[in-house]
Amino acid sequence: MNISLTAVFTKVPEGFVAFVEELPGANTQGITLEETRENLKEAILMVLEANRVLSEEKLTGNTYKESFELSLV
């Protein structure tokens, strides 16, 4: 499954900073653009996992859970 997200990179004196427009909290930094891209992938996975954990903490007995795949064209 592939989902397209918008990564925004800004050159700063120390290297690069980046964030994902569609995923608040997914942000990072790096010395090179390639390092920043790799760090951003990790940040995205960490935000998604943290959101899953927070969501599961709020589930009640009346909740149904299933896999949901999204295909954007």
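The values are calculated or read from the model by the stated rules, or taken from the named source; none is laboratory data. This structure is a prediction, so every number in the text was calculated from the model and none was measured. Cβ placement follows ideal geometry from the backbone for every residue including glycine, while neighbour counts extend to all protein chains displayed. The area values use the complete protein model at the heavy-atom level, side chains included, leaving out ligands, DNA and RNA. Shrake-Rupley method; radii C 1.70, N 1.55, O 1.52, S 1.80 Å.
Quick notes
- Expressed as a whole percent, the accessible area of the stretch 26-73 that falls on carbon and sulfur atoms is 55 (1.4 Å probe).
- Computed over the chain, Cα set: Rg, Dmax in Å: 15.4, 52
- Charge tally for Glu34 (other residues, Cβ to Cβ under 14 Å; Lys, Arg +1; Asp, Glu -1): 0.
- Note on Arg52 and Asn27: the model spin-label points, each 7 Å out from Cα along the C-beta direction, lie 2.5 nm apart.
- 10 Å Cβ shell holding at most 14 others, DSSP loop, GluC sites (Glu not before Pro): longest site-free stretch of the chain: 23-65
- Per-residue ellipticity at 222 nm from helix content only, as computed over the chain with -39500 (n - 2.57) for each DSSP H run of at least four residues, stands at -12000 deg cm²/dmol.
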